[in-house]
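Presented below is the structure to which this report refers.
Bear in mind these aren't lab numbers, they're just calculated from the coordinates by the rules spelled out. What you see is a predicted model, and the numbers here were worked out from it, not measured in a lab. Here the Cβ positions follow ideal geometry from the backbone for every residue, glycine too, while neighbour counts run over all protein chains shown.
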Amino acid sequence: MAFKEKATVEGCTVFYKVNEQAKKYTLKDNGFTETNSGNFQLIRPLDATPQSKEGFKLKITIAEDLKTLKMSVTTANGLKAMNIFKSDSHAMSQEKFYFLMDGMISRGVFEKA
């Protein structure tokens, strides 16, 4: 998956882009970790309960230049991309996804594109 100016997860109609005001410390303060290649990555579970290890994971990677990103929802092991928006059976995961993204928007990491 290539880095793009605006991105979304499979099945979601809302696109997000990195806020122009976001700095490296902004990302680190919000849970992103710097990878060996200089990119910033965030992995958050979309489980109903944090102790559960069986749900989906939200993976967001922001490029080193802080202008492009890629994002996906994967299985618990992180190997296969999933579409949590194709049925109402994943309503809790959808709600948690929007909650996490709205939190990142309010803290100046992302903005809706």
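Please find, in a Gaussian network model of the chain (springs between Cα atoms separated by less than 10 Å), the residue of Phe40, Phe85, Phe97 whose mean-square fluctuation is greatest.
Among Phe40, Phe85, Phe97, the largest mean-square fluctuation in the Gaussian network model of the chain belongs to Phe85.
Relative contact order for the chain: what is it in percent, counting Cα pairs under 8 Å that are at least 6 residues apart?
Dividing the mean separation by the residue count of the chain yields 33 percent.
Using 0.36 nm per residue, how much length does the chain from Asn77 to Glu64 gain when fully extended, once their Cα-Cα distance is taken away?
That works out to 2.2 nm of additional length.
Placing +1 at every Lys and Arg Cβ and -1 at every Asp and Glu Cβ, with all other atoms neutral, what dipole size does the chain have around its Cα centre, in debye to the nearest 20?
Dipole of the chain, to the nearest 20 debye: 160 debye.
Which FRET efficiency, nearest 0.05, do Glu34 and Val14 yield, Cβ-Cβ r, R0 22 Å?
FRET efficiency, Glu34 to Val14: 0.25.
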